[in-house]
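Contents: one structure, followed by commentary.
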2 protein chains.
Amino acid sequence: MLDLIKPLAIRNQSKIVLAVADGLGGLPIERGGPTELEAAATPQLDALVADNVCGLSIPVLPGITPGSGPGHLGLFGYDPLQHQIGRGVLEALGIDFELQPNDVAARGNFCTVDADGVIIDRRAGRISSEAARELVAKLQQIRIPGVEVFVEPVREYRFVLVLRGAEAAADVDDTDPGRTGVPPLEPRARNPESEPTAQLIGQFIAKAAEILKDDHPANMVTLRGIGRRPPIPPMEEVYGVRAAAIAVYPMYRGLARLVGMTILDPGASWAEQTEALRRHWQDFDFFFLHYKYTDAAGEDGDFQRKMRCIEEFDGQLPKIVELGPDVLIVTGDHSTPAKLRNHSWHPVPVLLAADSCRPDEVRSFGELPCLRGGLGQLEAKYLLPLALAHAGRLAKFGA
Amino acid sequence: MLDLIKPLAIRNQSKIVLAVADGLGGLPIERGGPTELEAAATPQLDALVADNVCGLSIPVLPGITPGSGPGHLGLFGYDPLQHQIGRGVLEALGIDFELQPNDVAARGNFCTVDADGVIIDRRAGRISSEAARELVAKLQQIRIPGVEVFVEPVREYRFVLVLRGAEAAADVDDTDPGRTGVPPLEPRARNPESEPTAQLIGQFIAKAAEILKDDHPANMVTLRGIGRRPPIPPMEEVYGVRAAAIAVYPMYRGLARLVGMTILDPGASWAEQTEALRRHWQDFDFFFLHYKYTDAAGEDGDFQRKMRCIEEFDGQLPKIVELGPDVLIVTGDHSTPAKLRNHSWHPVPVLLAADSCRPDEVRSFGELPCLRGGLGQLEAKYLLPLALAHAGRLAKFGA
């Protein structure tokens, strides 16, 4: 798809806004009831839908529940199956760590091992973030010849390890066995080219074990999702748009950074995010706005709160519409039904507003009405090409 | 898809008709209004829809606006992304030039250069077709050792160059810089294997420049879309159908020829095209009828004329239906909304009539009703397999 789009991309003065309410899609709590979005009062979304076109976005493929990484890559127009982001990289993005292209990142856990080195608690009693911070400070003393070592706290028992300057491949297995009753695994290279990296990881673990051996309960570490950031061609190169991200949470800023977006200071609330959009309106062609709280409420299983979050999201839309974007897309990166307290695979309502829309008969924004929308059900990765088309930014393919 | 279909293809006595109204899909001029097709009185299409099944055809992929080449290859069952046709080949097809598989074709422009060789008019003042014909006659004198040279007029400042007998690869860059104020580019080979072809092209340009140097305003040429026709397996080989094309415009005959169709003399009007169908009914299994004027009206931005063209198209359908085709598909190769005065990416209404249809609830043929059609929204390349299936021409896949 990128190979198809790149030679067709046209630069013009149009503006595209992609407003993502994280985990927007939902489910009725009881059969016959409304979803969170259908229950919410969303006059702005309903008005937009009535004049434009909507449908349902399939984040990856039917039945596949995406994490935030693939969910957003799809929305940014990149095939989430072709561009996979490891857990280590995602964790680094999530703390605003500015990963360089060659950095090897891993997600770390403090854990508890017994006298025989067998794991008895994979999360070291869920130690506090404060306690972990002190342990991380100790691990930051580790030096490994040939590479620069970064250890950064995340939350509670979680940390990020980054090795900078490792030149070899980094296909190295997790050392977290995923269960208690066994010792941590060796960091095993999955191919000969990754041996040197596996050895560097091994050195880090040995030194960490030595430093932590008298701590309790966090007397050992495990590592997961070891790898580099995937090589993703930047949006400006592929689509010819100067793209900016307005996101409160670091992970979404990090995902935006991966595709070459400029990160704008969003303030701390959705209202401040839309203010930031107004301030920077002249500076970019494409804006990604990320609203987090719908997903958080869904994960807490709080149907009512998710509903209110959707209403808050809806309330600020006039500030976006006023700016006169040529194309406005509103959708989510995946569903997070309060009923399931988790991300899900269900298609996500999507609305596309543009002058060249072919209208459908949908008059309100919800999972059920969107089933009859003019966009049909389509993979998320096609939304960006559609946005470019409606913005007059795609030339004809073939003569 | 072709690899899947080919071993399943069955030959039988059935007849399939694919009737293409070019650029059929449209848009409302004003929000809430009808599209061209919805505004047109189409009793024949409506009657067919009521008894059969319809949907929307996505010419290439969401957001991708196809030229006539990819638009038609999709309808002929070939993936338009896998089989790409260069502009030179398309231009040659457009003048009924019978390209041989190894011919290298290029689209030529007469242009005007100043004393320093800088382009000051890329179209040589849009010289008349008559004037161009004289210039082409001069260029036809060019001889290049080792190849046969064909130069053919197209219209106004446009011509086609064909080199026959060039054996090397033909990945050669355009010499048209796409703007004025700079000299024409050198014909640069994109790989070492194409060097010999680039040199042949260079010889042609040098000789053309010498011949034209005292002409005004057409004192130079540029070339674009240099290349060979793509290797496309013929329809008879893949689908087992003897296929014929009935098209008034040369380009569509040329596209049909690319996939191995026999070209029938269509006469000059849609009524004569349907007459030709009747005359040749016994001689072929598959008929492609191409109606051009819907697209032309759309490109002129003439909503009313496009509407009347659709009505003319509709009026002749009984003559097709009377012949009793086992499968009749009516659709377009892409949308050409009068509102946009151009091809567009919007899905195209499609109707499939066959005895084995599973009916839907649609009762009139239009963009909005087709949203609820039984075919859903599907890529154009799947229409031909569907037609074969309904014609009893596809065996079961797998045991």
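Say R0 is 45 Å: what FRET efficiency, to the nearest 0.05, do A:E98 and A:I64 get from their beta-carbon distance?
Numbers: r = 30 Å, r/R0 = 0.67.
Between A:E98 and A:I64 the formula returns 0.90.
Going by how many other beta carbons lie within 10 Å of each one, how would you line up B:K319, B:K138, fewest first? Don't jump to the answer; show the numbers that get you there.
Details: B:K319 16, B:K138 13.
Lowest to highest Cβ neighbour count: B:K138, B:K319.
Averaging 1/r over every pair of different alpha carbons in the stretch B:210-294 and inverting the result gives a Kirkwood radius of 15.2 Å. Cβ crowding within 10 Å ranks A:R31, A:R164 as A:R31, A:R164, fewest other Cβ atoms first. Each DSSP beta bridge with both residues in chain A is either parallel or antiparallel, and the antiparallel ones are about 60%.
What does the charge count around A:P347 come to, taking other residues whose C-beta lies under 11 Å from its C-beta (Lys +1, Arg +1, Asp -1, Glu -1)? Intermediate values should be presented prior to the final figure.
Values: positive: none; negative: A:E367, A:E379.
Value of the local net charge: -2.
Under 1.5 on a/c is rounded, so check that first for the protein assembly as shown, then, if it is not, pick prolate when a/b is larger than b/c and oblate when it is not; a ≥ b ≥ c are the square roots of the alpha carbon gyration tensor eigenvalues. Please list the in-between numbers first.
Working: a/c = 2.07, a/b = 1.56, b/c = 1.32.
It is prolate, given that a/c is not under 1.5 and a/b is the larger ratio.
Shape class for the stretch B:1-86, computed from the alpha carbon gyration tensor (a ≥ b ≥ c): oblate, with a/c not under 1.5 and a/b at or below b/c. Computed from point charges on the beta carbon alone (+1 for Lys and Arg, -1 for Asp and Glu), the dipole magnitude for the protein assembly as shown about its Cα centre is near 380 Debye.
For the pair B:T262 and B:E311 in one chain, pulling the backbone fully straight at 0.36 nm per residue adds 14.8 nm over the alpha carbon distance.
The C-alpha atoms of chain B define a longest principal axis, and helix B:303-315 lies at about 60 degrees to it. Counting Lys and Arg as +1 and Asp and Glu as -1, what is the net charge of the other residues whose Cβ lies under 12 Å from the Cβ of A:I201? So the surrounding residues net to -2. Separation of the alpha carbons by more than 27 angstrom is noted, of A:K396/B:K381; A:K292/A:K319; B:K15/B:K292; A:K396/B:K15; B:K6/B:K306; A:K207/A:K292, for A:K396/B:K15; B:K6/B:K306; A:K207/A:K292. Net charge of the neighbourhood of A:R158, taken over other residues with C-beta under 11 Å away and scored Lys/Arg +1, Asp/Glu -1, is +3.
Under a Gaussian network description of chain A, with springs only between Cα atoms under 10 Å, the residue in A:D116, A:D300, A:D283 that fluctuates furthest is A:D116. When the protein assembly as shown is described by a simple charge dipole with +1 on each Lys and Arg Cβ and -1 on each Asp and Glu Cβ, the residue from A:A268, B:F365, B:V330 located farthest towards its positive end is B:V330.
Inter-copy label distances at B:G301, shortest first and taken from points set 7 Å along Cα to Cβ: 6.0 nm.
Ranking B:I127, B:I120 by Cβ neighbours within 10 Å, fewest first, what do you get? Walk me through the numbers on the way to the answer.
Details: B:I127 21, B:I120 14.
Placing the least packed residue first, the sequence is B:I120, B:I127.
Pairwise Cα separations in the stretch A:89-227 fall into 10 Å bins from 0 onward with the following percentages, short to long: 13, 46, 35, 6.
Readers should treat all values here as calculations from the given coordinates under stated rules, not as data from a laboratory. Since this is a predicted model, take the numbers as computed values, not measurements. We place every Cβ from the backbone using ideal geometry, glycine too, and count neighbours over all the protein chains shown.
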